[in-house]
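Chemist: Here it is: the structure, laid out below.
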Amino acid sequence: MNYGVVRYILGRILQAEGCFLVFPVIVGIIYGESDIWAYLITMGICLAVGTLMSIRKPKKGGLFLKEGFFVVGLGWIFMSLFGAIPFVISGDIPNYIDAVFETSSGLSTTGASILTDVEALSRTNLFWRSFTHLLGGMGVFVFLGALLPMLGGNSMNLMKAESTGPSVDKLVPRLKDTAKILYAIYLSMGFVEAVILVVLGLPVYDSLLLTFGTIGTGGFGVLNTSISTYSPAIQWTITVFMFLSGVNYAMYFLILRRKFKSALKLSEVRLYVCVYVICVALICFDLRNYYSAFSENIRQSAFQVSTLLTSTGYMTADFDKWPEFSKSLLIFIMLVGACAGSTGGGIKMSRVLIICKSIKKQLQMLIHPRAIKKIKVDGADVDHDVVRATNAYIAVFCVFLAASTVLLSIDGHDFTTNFTATLATLNNMGPGFNLVGPTCNYSFFSPFSKIVLIIDMLAGRLELFPILLLLTPGSWKRRL
Amino acid sequence: MRIIVIGCGKVGLALVEQLNSEGHDITVIDNDSNRLKSALSNLDVMTLVGDGTSYTTLVAAGVERADVVIAVMDSDETNLLCCVIAKKASNCKTVARVRNPIYNGEIDFFKRELDLGLIFNPEMTSAEEIARLFNFPNALRIDVFSNRKIELVHYKIPADSKLVGTKLMSLRSDYHCNLLVATVTRNDEVLIPGGDFVIAENDILGVVASRSEIHEFFRTFGVGTRKVSDVMIVGGGKIGYYLAHILIDSGIHVKIIEGRRERCEFLSSGIPDADIIFGDGTDRDLLVEEGLMNTSGFAALTNIDEENILLSLFARKYAQKTVTKINRINFDEVINQLDLDTIINPNTISTNLIIQYVRSLQYTMGSNIENFRKLSDQAEALEFVVTKKSEVVGIELASLRKKSNVLVCCITRGDKIIIPGGHDKIEVGDRVIVIHNGSEIHNLDDIVD
């Protein structure tokens, strides 16, 4: 492990976080709240520590895949640890572990909260809490990649670790340009949503926060009731934008390049739309007696499927009280998740696609043992490494799921709670079922369980391996 | 600029590395995904697995938006086909590597009829460079400019040289040499020396002037300028073939040692005036038997770098001039420590040609890059043709606010060669050679701050 490079990049990340803290300070000034001091102090700490760490530039090179994964994993942990400081200083979340939970939940775009009363937070704190979604959604390292070519072409190794999906491809040859395009799509989508919400009658502050939660597929709201008390028009708007945020950004890029044919042919997006439509239809049918009006039925189904498929975690209905079939279906789509290359969480559609094709291949191998068959997606051969990495991902996912469920059960809560809490954090969802259902929160867990959940959230956002690497002792060795 | 490179072999990789560091948007196409992955995972370029001759692949690589398409695959025919298809698919410039001797006389025809921007033959260019060295064996490296009228000669100062301890300005005042010491390489570092610089042992001088002036200069200081009388070439590949031709044309006797029977027969029918020896070039006894001890020139041109290094180290004891071909320069720190005389890297040579072409497409304001040579990691020699009036034209050089590490070495005006002093001016129509160390010089105006 090349600690010089790791230290330098971590320093840069902290400096960036310090700069981002300007935004809550501006909000605090607008609303005249005293919390800005908490943010100014934290900003000072971040900038000072960050500058100290990055003052000496490391020698050229040395940022390989291993260091990339390592530094991204550590970077997100650092950001969570430092981003939690203002909540503690301002006194709104006095317990540091709770504050870290809230921050990592925001950064990982999970949206799980330990707050019993969201509305009691100051506007500054509430803004920072939602703003972490915006940062975490597309990724901080991607953002830095757009601004500064940190260490030449090797920065690709950072983006590989932070971006979602089984194989990370650039949209255009230059990493910097790719990152810029991604952020341009991301922010313009957010801008459109915010404008629509303002037009529909929401205050600018609320629209911004809801937008952060939507396009980052986070799920932190402004009200204790999440989205359920807003007008149907607002709910529909959020439904649509949640759905759009779960689409692979490569499709938007193809549309921008006017390659509509190839955009429509992306098999991952097709599968995503199919799963979405079928699940909404099935749940609608299942809920035909639950809601009297069809318009409400379809709105609730569409919203809930959107929020769980993209791992956002907003809610308009207490789906914990829905019939068992709908609940089971919701757990299934929680697992599947959104498209690769989107801001959503979960296993990702492209992995599901690869796994389905592997299963098909395996079955064919049983029938024709000598058959040679290549797995293809969108007409191109899927590299054997990608298939292997996908299988490994699923295996590691199951290990995380099992281990975390067992560790949570030490607290003595029921299985559904522990299992869905793990699932909801590992998939960056937010609400689960039973005690962690849509109307509840995570405050009752013990500090130990909260730390487990924090690791789950960050591991889920970074697709397991960067965090797993940090937990592997061998990777910390300085030599060979 | 947006550049598509087809083929990720040795040349392709060297090219991509250099172009990438110059800040271009690069997409690399190769049909071997492993090769792409291992070679380019640490470079900021886009890769595409596929066949460069396929229209679909080229479109997927964005040929419509590309400025230049460079084909450097193994086969000449494939390269030409790639370029033709790319040219039909979009309005890009195309560059092809064509190196088979059978096409040698047809380059101009291809260029004109297939509408190619540049055809390059690294083996041919390497052979030309090597041949120049055998014609002036005391030079370490010779670069030519202005239609071969001007040379930049690198010369290593031996311990007993009369030049040791001489101040550079006294060369002109005391010895009346009309030339310029443009660079001095000391301890692997390229310097642009001032007039009071004192020459020391083991310095490598980079001298710019016309060939006759340079020969005059070396004779003054007791350095021989006679060409070698005979050359032994180990390895009868493409460079060896071209080299033998050029050397024989300039009256040097050539003996080629080659280990493949069919190749020997091909060489024998292609170069009837050379001695072709069928045998293992790494066999010490064979080399001695064929007269290595008495040869004055030796070129190690096999495909294995290690063999070439070993052979040259051995031949260095007997031959007046040895040239070693090294393809992979990754271990250049180690190689530079060896007493190897001249090292030739065909990859660098082709990279230089393409960089020169790409830069000349990129910067066409007022001056065109005519020649581009990399002297070290940082230092470059560039030749510009001044086509338009610009801010450096018509002003005395002394009153230009030049960047500190930039030197205007030579101005060619018609047949006149000017080694410029402070009162000389650059005029429209001139050819100007500029050497710099670590600046960004893309056109002539860049030499001023």
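The values are calculated or read from the model by the stated rules, or taken from the named source; none is laboratory data. Since the structure is predicted, the reported quantities are computational estimates derived from the model, not experimental observations. Using ideal geometry, Cβ is built from the backbone for each residue, glycine included, and neighbour counts are taken over all protein chains shown. Note: accessible area is taken over every heavy atom of the protein model, side chains too, but ligands, DNA and RNA are not part of it. Shrake-Rupley method; radii C 1.70, N 1.55, O 1.52, S 1.80 Å.
Chemist: Could you tell me which numbered condition residue A:172 fails, if it satisfies all but one of (1) within 22 Å of residue A:348 (Cβ to Cβ); (2) within 14 Å of chain B (Cβ to nearest Cβ)?
Modeler: It is condition (1) that residue A:172 fails.
Chemist: Considering (1) open to solvent by 30 Å² or more (accessible area, probe 1.4 Å); (2) not in a loop (DSSP other than H, G, I, E, B), say which one residue B:411 fails and leave the rest.
Modeler: (1)
Chemist: Given the options A:155, A:108, A:104, name the one that is closer than 15 Å to residue A:73 by Cα, crowded, with 20+ Cβ neighbours inside 10 Å and within 14 Å of chain B (Cβ to nearest Cβ). Can you show your working first?
Modeler: Details: A:108 fails: within 14 Å of chain B (Cβ to nearest Cβ); A:104 fails: within 14 Å of chain B (Cβ to nearest Cβ).
From the options A:155, A:108, A:104, the qualifying one is A:155.
Chemist: Right, here's the next one. I need the full set of residues from the range A:379-394 which are among the acidic types (Asp, Glu) and assigned to a helix (DSSP H, G or I), in order please. Full working, then the answer.
Modeler: So the first thing to find is which residues in the range A:379-394 are among the acidic types (Asp, Glu), and the list is A:381, A:383, A:385.
The one that is among the acidic types (Asp, Glu) and assigned to a helix (DSSP H, G or I): A:385.
Chemist: Which count do you get for residues in the range A:164-185 that are surrounded by 21 or more Cβ atoms within 10 Å (Cβ to Cβ) and assigned to a helix (DSSP H, G or I)?
Modeler: 4
Chemist: Sticking with this one: Out of the residues in the range B:12-26 that are within 12 Å of chain A (Cβ to nearest Cβ) and open to solvent by 10 Å² or more (accessible area, probe 1.4 Å), state the one that is modelled with the highest pLDDT.
Modeler: To start, the set of residues in the range B:12-26 that are within 12 Å of chain A (Cβ to nearest Cβ) comprises B:16-17, B:19-21, B:23-26.
Then keep just the ones that are open to solvent by 10 Å² or more (accessible area, probe 1.4 Å); that gives B:17, B:20-21, B:23, B:25.
Details: B:17: 86, B:20: 85, B:21: 82, B:23: 82, B:25: 89.
Restricting to residues being within 12 Å of chain A (Cβ to nearest Cβ) and open to solvent by 10 Å² or more (accessible area, probe 1.4 Å), the top hit is B:25.
Chemist: Before we move on, is residue B:59 out of contact with any Gly (no Cβ under 6 Å at 6 or more places or on another chain), within 12 Å of chain A (Cβ to nearest Cβ), farther than 23 Å from residue B:98 by Cβ and not small (Gly, Ala, Ser)?
Modeler: Working: out of contact with any Gly (no Cβ under 6 Å at 6 or more places or on another chain): yes; within 12 Å of chain A (Cβ to nearest Cβ): yes; farther than 23 Å from residue B:98 by Cβ: yes; not small (Gly, Ala, Ser): yes.
So residue B:59 passes the test.
Chemist: Follow-up question, since we're still on this one. The conditions are (1) free of Cβ contacts under 8 Å to residues at least 60 places away in the same chain; (2) within 14 Å of chain B (Cβ to nearest Cβ), and residue A:206 fails exactly one of them. Which is it?
Modeler: (2)
Chemist: Still on this structure, please answer the following. With the requirement that a residue be at pLDDT 90 or above, open to solvent by 10 Å² or more (accessible area, probe 1.4 Å) and either within 14 Å of chain B (Cβ to nearest Cβ) or within 29 Å of residue A:308 (Cβ to Cβ) (or both), what does the range A:53-80 give you?
Modeler: Answer for the range A:53-80, where residues must be at pLDDT 90 or above, open to solvent by 10 Å² or more (accessible area, probe 1.4 Å) and either within 14 Å of chain B (Cβ to nearest Cβ) or within 29 Å of residue A:308 (Cβ to Cβ) (or both): just A:77.
Chemist: Moving to a separate point now. Quick one: would you say residue A:189 is within 14 Å of chain B (Cβ to nearest Cβ) and either assigned to a helix (DSSP H, G or I) or touching a strand residue (DSSP E or B) at 6+ places or on another chain (Cβ under 9 Å) (or both)? Walk me through how you get there before you give the answer.
Modeler: Details: within 14 Å of chain B (Cβ to nearest Cβ): no; either assigned to a helix (DSSP H, G or I) or touching a strand residue (DSSP E or B) at 6+ places or on another chain (Cβ under 9 Å) (or both): yes.
Spelling it out, it is not the case that residue A:189 is within 14 Å of chain B (Cβ to nearest Cβ) and either assigned to a helix (DSSP H, G or I) or touching a strand residue (DSSP E or B) at 6+ places or on another chain (Cβ under 9 Å) (or both).
Chemist: Quick one: which residue in B:372, B:384 is of a type in the set (A, V, I, L, M, F, W, C), within 16 Å of the chain's Cα centre (by Cα) and open to solvent by less than 30 Å² (accessible area, probe 1.4 Å)?
Modeler: From the options B:372, B:384, the qualifying one is B:372.
Chemist: Right, something else. Restricting to the range B:402-439, and then to whatever is acidic (Asp, Glu) and out of contact with any Ser or Thr (no Cβ under 9 Å at 6 or more places or on another chain), can you tell me which residue is nearest to residue B:169 (Cα to Cα)?
Modeler: Kept after step one, since they are acidic (Asp, Glu), are these residues of the range B:402-439: B:415, B:424, B:427, B:430.
If we keep only those that are out of contact with any Ser or Thr (no Cβ under 9 Å at 6 or more places or on another chain) too, we end up with B:415, B:424, B:427.
On the way: B:415: 26, B:424: 18, B:427: 26 Å.
Among residues in the range B:402-439 that are acidic (Asp, Glu) and out of contact with any Ser or Thr (no Cβ under 9 Å at 6 or more places or on another chain), the one nearest to residue B:169 (Cα to Cα) is B:424.
Chemist: Let me ask something else about it. With a cut-off of at least 2 residues that are closer than 20 Å to residue A:224 by Cβ, name the helices (runs of 4 or more DSSP H) lying wholly within the range A:405-480.
Modeler: Values: elements: A:415-426, A:447-461, A:465-470.
Hits in the range A:405-480: A:415-426.
Chemist: Here's another thing I want to ask about it. Of these, A:146, A:99, A:84, which one is farther than 20 Å from residue A:344 by Cα, in contact (Cβ under 8 Å) with a residue 12 or more places away in the chain, open to solvent by less than 20 Å² (accessible area, probe 1.4 Å) and within 14 Å of chain B (Cβ to nearest Cβ)?
Modeler: On the way: A:99 fails: within 14 Å of chain B (Cβ to nearest Cβ); A:84 fails: within 14 Å of chain B (Cβ to nearest Cβ).
After applying the criteria, what remains is A:146.
Chemist: On to the next question. Just to verify a result, which residue in the range B:31-45, among those that are open to solvent by 40 Å² or more (accessible area, probe 1.4 Å) and at the interface with another protein chain (Cβ under 9 Å from one of its Cβ atoms), is farthest from residue B:17 (Cα to Cα)?
Modeler: Of all residues in the range B:31-45, those open to solvent by 40 Å² or more (accessible area, probe 1.4 Å) come to B:31-32, B:34-35, B:37-38, B:41-42.
Cutting the leftovers down to at the interface with another protein chain (Cβ under 9 Å from one of its Cβ atoms) gives us B:37, B:41-42.
Numbers: B:37: 14, B:41: 12, B:42: 10 Å.
Only one residue tops the list, namely B:37.
Chemist: Sort out for me the strands (runs of 3 or more DSSP E) sitting completely within the range B:292-359 that have 3 or more residues that are open to solvent by less than 30 Å² (accessible area, probe 1.4 Å) and either at pLDDT below 90 or of a type outside the set (Asp, Glu) (or both).
Modeler: On the way: elements: B:297-300, B:321-325, B:342-344.
Correct list: B:297-300, B:321-325.
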